Amino acid sequence: MISTNYNRHWRRRRQHYTAAGGLALLVVLATIIGSVDSNTYFRVCFGVLLLTLCVAQLKISVDLYKQRNNLLLHLFQPGSLSLLATAGAIATIASLLFAFPEYDATCALRQPIILTSITFMGNILIGRAWRIGSIISSTATFAASGDEIDAVGVARLKVMNALSTLSQLGRYIGTGGREKMGRNIGIRRAITFADSIFVVMVLLVPQLVLQIVNLSVPNVRMSSVEMIEDEGGVTCESEAGSYVLMMGIVLALVPFAISLLINIQSKGVPYKFRELDQIAASMTSSFWMLLATLPAAGMIGQTQPNAHAYLLAASVLSCVLPLSYNIAQTRLQNITMSTGLSGRNANSKQATSRQRQTNQTKTTSDLSSPSHQVGKVEDDPKILKAAEETAVMAKMFDTMGSTSKAVAMNRDVLTLFKVGDDDFSWEAGFTLSAIHSLGPKSLVVVVKALILSSRLWHIIFYSDGDNEEAKRRGIKCCMDALDIFDRAPAKTQLSDRSVIFPCYSLMNVISKTMTYTPPNNMTREEFETTMAENFVKETHFQQYNHCRALAFQADIMRRQGKFEEAISVIDAMKSIYDPQLHSRVLVKEYVTDNCSELIAVSAFWLHHYGRNDEALRLCDQVIETMLPEIDPTQVVTKLSILTPICRTLANQGQSSTAEKAVELFRTHITDPTTLAGSKAHPALVLSTPIMIILKCRSSGGEPYADLNADVAYMLNRKDVAVVETAYLKYMDAAWSTLCAEACLHLAKIIRRSEQEACESELIKKGLKCLEVSIKTLTNEDGTIVNSMAHSYYSQILSELENLNAPV
């Protein structure tokens, strides 16, 4: 923070020095040019000066266009920056028209060209700030109420929403009404360069209309007029006076005021992507220049036409050049320097690493290997700075939904810390010497980059299930992050080790949903047990993270069939877990509160093992203390919690407890799902068979209102294959077994109604479901995958077979 503030202070001082130097140079040049008597000589010198400045800005524009594919520059919108510099170049060369007051055409054209160009530059600043702000800012920022932000923030919010509406209108018109208004909203807005240019051009319309009127109406248009007081002297005047000029200046200034407003600090947009300081510095420089040039031009008048023309041109340049330098040139220069420094810093780091270590052994994600302290390891500030800047870019590409670009930026981050001349390889990983050369801050950057890369590779895999490379790389990145954090000596220098916690959570998801090969010939049980123990150890002094780690350990034990050991771990977790204190914090950091979910599912374990009184007490505890802490919108989380609770209550064999389960499930799951309609989460389709079981249990075996609809649903339902195994890992029951139970209860009720054909179909459907269950619950060698789920399957199979037996 101190370094950042120092850099900002130095940047402001440098801009002030530049403004003062420019002012001094302006005065000197004005004195020299004012003393030139020859119009031809003045125009040549003046033209050469303006042409040089114009070419310099065009060069910036061309360089920005050439660098448009540079990922480091991509988020700064090089296309818009190129247009900014080009508009500045046009305004600069148009200033030459001030030196030709004797021509009607030059008098008429100079004002429209210059004012339109400057207005366009201001609109570009608006378009860039709106685009990046809309793409990156969280939806909470745009949905915030006036009570949560100050008056300036409210004004900014209104402007941003107005610009977004304008953009949507452009898309609506551009697609001939095919794309409806209001569709392009949310955190991952697809706002293109064309969208921002449309907004820019619409904002330019008032100035364009004014300047078209200025050119087309003779009484308004400026023309060359001979001066009565000065024989032979000419000037540019309009019969309408200076009203049109003043209105044009106001329209040119408004975009800069708006750009300042929408560049103020806002949630979700990093400082480096806001240009408040640069715009303010440019406007400050322009103010001091104008304070010198405009009064001087007014005092000189037409007595010194050359000096007058020069001062007017200098006034224009004072508005144009600071923007081209502070925004376009500075962005280009910083990115160019960062790209060059990254390579030099990487080489420097590689040389240092070679001196520190000679062991080039590749990492193999050995979680059981202990870390060894080899002395304090220092960070390389240059590499760290380049890496942190690139990491910010990676996060922003991820926020924008540009997954492949985010992956590429993360690879650039990891390359900076790699030993050797080649780029970082996802397959090879880091050498042991590279790991030992990481300082504490570098270790944090590398671990974060690997965790983000793992998540990004999994996003790619989920979008294309046949992409085995993405799946493999996602798993390896996660394992490498765990291994590097475990091996790095710099780990001992970190007082806060929370950087690695999300990696454990991600690896838990991987172990639940994917097949993978553990490292170093470890069995899955050994690998996952060691991983859980490490997570518990790392979080020992951070209470809510420790709760999460214990839930993680219990989950691992549950998947290994060690249910009673898992119950003991959950008991330890319950002694420190406070739902009111921890639940929302866990959801904020980990998306879900696994502690509540594991406590809820353990109630069914207790019931399974005959500890029914404990199970019922735990059900009441979950309902009274944990369920109220879950946000009403988190219906999927509530489904995970209430499914084992309601199954436990329904299995008591009492209509009162079954009715309680029905009411709970209806209030928290089925009613919100029905209300959401097509917008409901796809996972909530799982709630229907569960609700059917609960209704059957609570009816006491008698027909109920929706019986026929439920029968039709169960006979015609189709499930995605992935649901079967996923449900087993989360609920300790095969999904097909649960559907078979629903068919069983419906068949029993239908038997009382003497609908034999329907009863037979339900029994057949239930037995067919159980054929799927047995495949899910047994391995190829015949071993049982989950003893609790298999016991449930056996019970339902026995009841269905008895129901199907001839009387």
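The values are calculated or read from the model by the stated rules, or taken from the named source; none is laboratory data. Just so you know, these numbers come straight off a predicted model, no measurement behind them. Here the Cβ positions follow ideal geometry from the backbone for every residue, glycine too, while neighbour counts run over all protein chains shown. Remember, those area values only see protein heavy atoms, side chains included, never the ligands or the DNA or RNA. Shrake-Rupley method; radii C 1.70, N 1.55, O 1.52, S 1.80 Å.
Summary of values
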{"quantity": "Length released on extending from F193 to I212, taking residue separation times 0.36 nm less the Cα-Cα span", "calculated": "4.2 nm"}
{"quantity": "Relative contact order (%) - the range 588-728, alpha-carbon pairs under 8 angstrom, separation at least six", "calculated": "20 percent"}
{"quantity": "Heavy-atom SASA rank of Y172, Y590 (probe 1.4 Å, accessible area, largest first)", "calculated": "Y172, Y590"}
{"quantity": "Efficiency of FRET from Cβ geometry, D277 and Q543, R₀ 56 Å, rounded to 0.05", "calculated": "0.85"}
{"quantity": "Size of electric dipole in the range 384-525: Cβ of Lys, Arg +1 and of Asp, Glu -1, about Cα centre, debye, nearest 20", "calculated": "400 debye"}
{"quantity": "Gain upon complete extension [T492, A680; 0.36 nm per residue less C-alpha separation]", "calculated": "63.1 nm"}
{"quantity": "Cα-based convex hull, the range 651-735, per residue volume (Å³, whole number)", "calculated": "115 Å³"}
{"quantity": "Summed side-chain charge close to N545 - residues other than N545 whose Cβ falls under 9 Å, Lys, Arg +1, Asp, Glu -1", "calculated": "-1"}
{"quantity": "Cα→Cβ-extended label distance, 7 Å offset, between N161 and R584, nm", "calculated": "2.4 nm"}
{"quantity": "Probe 1.4 Å, accessible area per residue of the range 44-136, Å²", "calculated": "33 Å²"}
{"quantity": "Kirkwood Rh in Å, taken over the range 482-630 so that all alpha-carbon pairs contribute", "calculated": "16.2 Å"}
{"quantity": "Accessible-area order (highest first, 1.4 angstrom probe) of the listed residues V152, V316", "calculated": "V152, V316"}
{"quantity": "Span from the the range 109-134 Cα centroid across to the the range 470-520 one, whole angstrom", "calculated": "48 Å"}
{"quantity": "Pair-distance profile P(r), taking every C-alpha pair of the range 573-638, with 5 angstrom steps and integer %", "calculated": "4, 18, 28, 25, 15, 8, 3, 0"}
{"quantity": "Size of electric dipole in the range 561-641: Cβ of Lys, Arg +1 and of Asp, Glu -1, about Cα centre, debye, nearest 20", "calculated": "120 debye"}
{"quantity": "About the Cα centre, charge dipole magnitude for the range 676-807 (Lys/Arg +1, Asp/Glu -1 at Cβ), debye", "calculated": "340 debye"}
{"quantity": "Pair Y65, N802: separation of 7 Å Cα→Cβ label points (nm)", "calculated": "8.3 nm"}
{"quantity": "Translational diffusion of the range 282-322, µm² s⁻¹ [Kirkwood Rh, Cα pairs; Stokes-Einstein; 4 °C; 1.567 mPa s]", "calculated": "129 µm²/s"}
{"quantity": "The range 560-681 - Rg and Dmax from Cα coordinates, angstrom", "calculated": "14.5, 41"}
{"quantity": "Dipole of the range 407-446 [Lys/Arg +1, Asp/Glu -1 at C-beta], most positive-end residue of L432, L414, V445", "calculated": "V445"}
{"quantity": "Computed P(r) (all Cα pairs; the range 698-807; 10 Å bins; percent)", "calculated": "14, 45, 31, 9, 1"}
{"quantity": "Computed lengthening from A726 to N334, 0.36 nm per intervening residue step minus Cα-Cα distance", "calculated": "136.3 nm"}
{"quantity": "For the range 527-601 and the range 767-790, distance of Cα centres in Å", "calculated": "28 Å"}
{"quantity": "Furthest towards positive pole of dipole, F665, L627, Q654, structure part the range 624-668, Cβ charges", "calculated": "Q654"}
{"quantity": "Using θ = phi - 60° and Karplus 6.51 cos²θ - 1.76 cosθ + 1.60, couplings along the range 92-97 (whole Hz; Gly, Pro as x)", "calculated": "5, 5, 5, 5, 4, 5"}
